[in-house]
Each structure stands twice: as C-alpha cells, then as structure tokens.
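Visitor: So that we are looking at the same thing, I have put the structure below in structure tokens.
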Amino acid sequence: MASDLFDKFRFGQGSTNHRPSAPQSDSSESGSEGASAMPTGASGTGLNSGTVPPAGSVFDKSQLGQIFIPPSLLSLDNGNAPKMDEAMFKRFRDFIYEQCGISFTENKKYLLEGRIAKRLEAHNLTTFDEYFRLISTSAAAREELPSLFEVVTINETYFFRNPPQFEALEQVILPEILKAKQAQGNKKLRIWSAASSSGEEAYTMSMLILERIKPQFPGFTFEIVGSDINTAVLEKARSGVFKEYSVRNMPAHYLNKYFTRDGDKYVLTPEVRSQVKFMCVNLYDTPTMRTMTGFDVIFCCNVLIYFDTIAKQQVVADLYDALNKTGYLFIGYSESLHGVSKAFKLVHFPKTIAYKKE
Ligand SMILES: C[S@@+](CC[C@H](N)C(=O)[O-])C[C@H]1O[C@@H](n2cnc3c(N)ncnc32)[C@H](O)[C@@H]1O
C-alpha cells in the first residue's frame, strides 16, 4: 500500500541518508555542500542591488567547522593551473558576493581558483585578470555570468531528502491550507522550491501531491515552481531524467509508479512533471524576488548556508514577502533563522520545524 511505503520515512525511520533531527544551528552542512562558501564581508562595487557589507564587517564564526571537500574539487589543480593572488581572490570573492550572495572565505581561495580556472580554459584565457575583466564588462558579463554561477555553486540534492519535512507538509500543512482555501472558494495551491538545483525537491512534492493530496482535494490546481541561479541544473530539472544517485532515498513505490527506466536512467512520468515549472531566480536579487509572490509554501533548503548573515536577512525578508499569509517556509536541516528573521512563528513537527507567516 502506498501509505505503508511512505511510512518507511515516518519520523526518519528506515532512511539511510536521513540525519536525526537536532536543534537548528548555523553550522555548515556536512557532505559536499560544505565545501563551498563560507561567510565573509565583501567590499562593494555596487553591481548588485542587494546590501553589501563593508570589508571584514561580517564574520559568522558559527559557520566555521570541519569542511568536507569532494575529491573531484581537490584534484582540479594539476600543477599547471594559473595561480590567483590574494588581491585577485578578493576581487572575485567580492564580485561573487555582490552578484549572488555566496561568500567565500580566505581559506577557500584554492577552491575558487580551481573552479574559475575552468572558465579561463573555456575562454582560452591565461590569467585571472583577463577573466575578471570579462565578467565585469557589462555586455560580456551578461553572457558569462550563468557559467560563472555554474562553477561556483554546489548543487547536491536528491529525492525525499529530508523526509520529516515532507511528512509535515503532507500530513499537516497542506491539509490545513487546503481546507482554509476550500472554505474561501480558492482552488489553487502554489509551492516554491527556491534553490531547487536539478529539481528533485520540487518533483518529490509533486509526487506527494499526486499520491496523497489530490485524492483528498479533487478539483484543486497545484503549481510547483522550482528555481535556481544555475541554468545548467535547471535544464537537467526540466529534462525530468535522473540517475541512480538522485533516487537512492526514494521509496520503491514512488520509484515504480512515477518513473520509467531507460537503461541506467530514471525518467519521470508526465503527470509528475506537468505540475512543476522551472525558472532562473537569483535569491539575492531583490527586484526579481519581488516578482515572486503568492506562494502557500516555500522550501528554501540548503542554500542559506552559503550566505553571510546580511545576505540571509535580505533573502529571508524577500521570501517572507513571497509567502501568502498563513504560508510556511522550510529551510535546511542544518540552517537556522536565528539572528536572521523574527517575522515568522516557529512551528514544531515531529523531527522537523517550519516557519509560519501569520
Ligand atoms: C545544495 S543545493 C540545494 C538543493 C535543494 N534545495 C536541496 O535542499 O536538496 C543549493 C542550490 O542553491 C543554488 N543557489 C546558490 N546561490 C543561489 C542564489 N543566489 N540564488 C538562487 N539559487 C542559488 C545553487 O545553484 C544550488 O543548486
């Protein structure tokens, strides 16, 4: 029975990847995601509309910790790679922060160096200075920025990533919101998977809605928006084709019912895909964020860890505005709104929490 299969995840039981719930903290995620950005101040050249802290003004010590660096990133420097000096690192670091809120600390210089070196190679450039001029010249920058975002973001994700969140969504939050909407004669529900990466989170919610919610609330229209700054992962999301890695946490029932196999690939069925659309949204770009409105639930998971406190405050304030009254915000398991926002009401669910707009 479908419910029994989902019950495998009830309160995190039976999932090899699920980490037991703990008080939310600001520490970096374990795993490959922790390899990327760490908070730092950044001096501004005014390229982003967001608030830019003065150099060195923001340093969230709570995010220091053991960082796991994926071997694939460690092996980027083969000895022939161009070197990035301290001044150049700071220019790139500040530029990236201003553009998308991602912070790289000094000890991540080698990481940034390796990643940006890929873009030098793509353009047949030999120095970081040449590449910096390319990305900071407005016309050329427009074309190059998506590729820069592609190399500086970490896109780790998988289906049913944090089961207690989906449990709370399906068992409590959606029924509560849908009943209220029903009473008002409003038959549309909208969910936003902000920083969706390749779409696994958005599609997980689409499957849950098909499996558990639609039968109870016939006549409703469900729209799920997945967004990310990385256009390459969005293309992957739109394709609806996934590898073993993405489905490793998936209950067998969902895998059998909502996917077909194509060799070693898992292809999502059209009904799951039809409820989801993807778009490019930079969470650190307030003018774009202001166009994102009318959501009943927002998942913004495992991305705030890459921002410093000031960037988090800006992004979370914009997410608050994007939510309907009585809507809910979920953030990542290792993330917290402590010191970021007091606007939400904290709501506890088994093994997870959510933030409610009242
Ligand atoms: C680790 S993934 C999280 C994916 C998914 N939410 C999850 O929890 O499994 C973080 C995603 O945030 C995206 N990201 C980073 N900075 C962003 C920004 N300023 N605006 C939008 N997306 C951003 C990255 O491209 C990446 O795909």
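Visitor: Can we say GLY327 is on the phi > 0 side of the Ramachandran plot, more than 11 Å from the ligand (Cβ to nearest atom), in the same structural domain as GLU201 (by TED's automatic domain parsing) and at pLDDT 95 or above?
Guide: No, not satisfied.
Visitor: Additional query: Check the stretch 187-199 and report whether any residue there is without any contact (Cβ under 8 Å) to a residue 60 or more places away in the chain, within 16 Å of the ligand (Cβ to nearest atom) and in contact with a strand residue (DSSP E or B) (Cβ under 7 Å, 6 or more places away or on another chain).
Guide: The answer is yes, given that some residue of the stretch 187-199 is without any contact (Cβ under 8 Å) to a residue 60 or more places away in the chain, within 16 Å of the ligand (Cβ to nearest atom) and in contact with a strand residue (DSSP E or B) (Cβ under 7 Å, 6 or more places away or on another chain).
Visitor: Next question. Kindly provide the set of residues from the stretch 202-254 that are assigned to a strand (DSSP E or B) and either touching a helix residue (DSSP H, G or I) at 6+ places or on another chain (Cβ under 9 Å) or modelled with pLDDT under 95 (or both), ordered by number.
Guide: Answer for the stretch 202-254, where residues must be assigned to a strand (DSSP E or B) and either touching a helix residue (DSSP H, G or I) at 6+ places or on another chain (Cβ under 9 Å) or modelled with pLDDT under 95 (or both): PHE222, ILE224, VAL225, GLY226, SER227, ASP228, PHE242.
Visitor: Filter the stretch 200-231 down to the residues that are more than 8 Å from the ligand (Cβ to nearest atom), under 16 Å from PHE159 (Cβ atoms) and out of contact with any Gly (no Cβ under 9 Å at 6 or more places or on another chain) and list them by number.
Guide: If the condition is that a residue be more than 8 Å from the ligand (Cβ to nearest atom), under 16 Å from PHE159 (Cβ atoms) and out of contact with any Gly (no Cβ under 9 Å at 6 or more places or on another chain), then THR204, MET205, SER206, MET207, LEU208, ILE209, LEU210, GLU211, ARG212, ILE224 are the ones that fit.
Okay, residues lined up against (1) out of contact with any Phe, Trp or Tyr (no Cβ under 7 Å at 6 or more places or on another chain); (2) over 25 Å from GLY339 (Cβ atoms):
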{"position": "PHE217", "(1), (2)": "yes, yes"}
{"position": "GLU223", "(1), (2)": "yes, yes"}
{"position": "LEU234", "(1), (2)": "no, yes"}
{"position": "GLU244", "(1), (2)": "yes, yes"}
{"position": "GLY263", "(1), (2)": "yes, yes"}
{"position": "GLN275", "(1), (2)": "no, yes"}
{"position": "PHE295", "(1), (2)": "no, no"}
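Visitor: If you don't mind, there's one more thing I want to ask. Within the stretch 112-136, count every residue that is within 16 Å of the ligand (Cβ to nearest atom) and either within 20 Å of the chain's Cα centre (by Cα) or part of a loop (DSSP other than H, G, I, E, B) (or both).
Guide: The total comes to 2.
Visitor: Tell me the residue from LYS342, LYS312 that is within 15 Å of the ligand (Cβ to nearest atom) and under 30 Å from THR105 (Cα atoms), please.
Guide: Step by step, each of LYS342, LYS312 is checked, and only LYS312 is within 15 Å of the ligand (Cβ to nearest atom) and under 30 Å from THR105 (Cα atoms).
Visitor: Restricting attention to the stretch 137-171, which residues are part of a helix (DSSP H, G or I), aromatic (Phe, Trp, Tyr) and either within 24 Å of LEU111 (Cβ to Cβ) or near the ligand (Cβ under 10 Å from one of its atoms) (or both)?
Guide: Once the filter is applied, which keeps residues that are part of a helix (DSSP H, G or I), aromatic (Phe, Trp, Tyr) and either within 24 Å of LEU111 (Cβ to Cβ) or near the ligand (Cβ under 10 Å from one of its atoms) (or both), the stretch 137-171 yields only PHE149.
Visitor: Could you list, in sequence order, the residues of the stretch 119-170 that are hydrophobic (A, V, I, L, M, F, W, C) and exposed (fewer than 15 other Cβ atoms within 10 Å of the Cβ)?
Guide: Within the stretch 119-170, ALA122, ALA139, ALA140 meet the criteria.
Visitor: Another question, if that's okay. Report the residue count in the stretch 266-291 for those that are away from the ligand (no atom under 11 Å from the Cβ) and either in contact (Cβ under 8 Å) with a residue 12 or more places away in the chain or not in a helix (DSSP H, G or I) (or both).
Guide: Final tally of qualifying residues: 15.
The values are calculated or read from the model by the stated rules, or taken from the named source; none is laboratory data. Here the structure is a predicted model, which means the values were calculated and not measured. With ideal geometry, Cβ positions are generated from the backbone for all residues, glycine too; neighbour counts draw on all protein chains shown.
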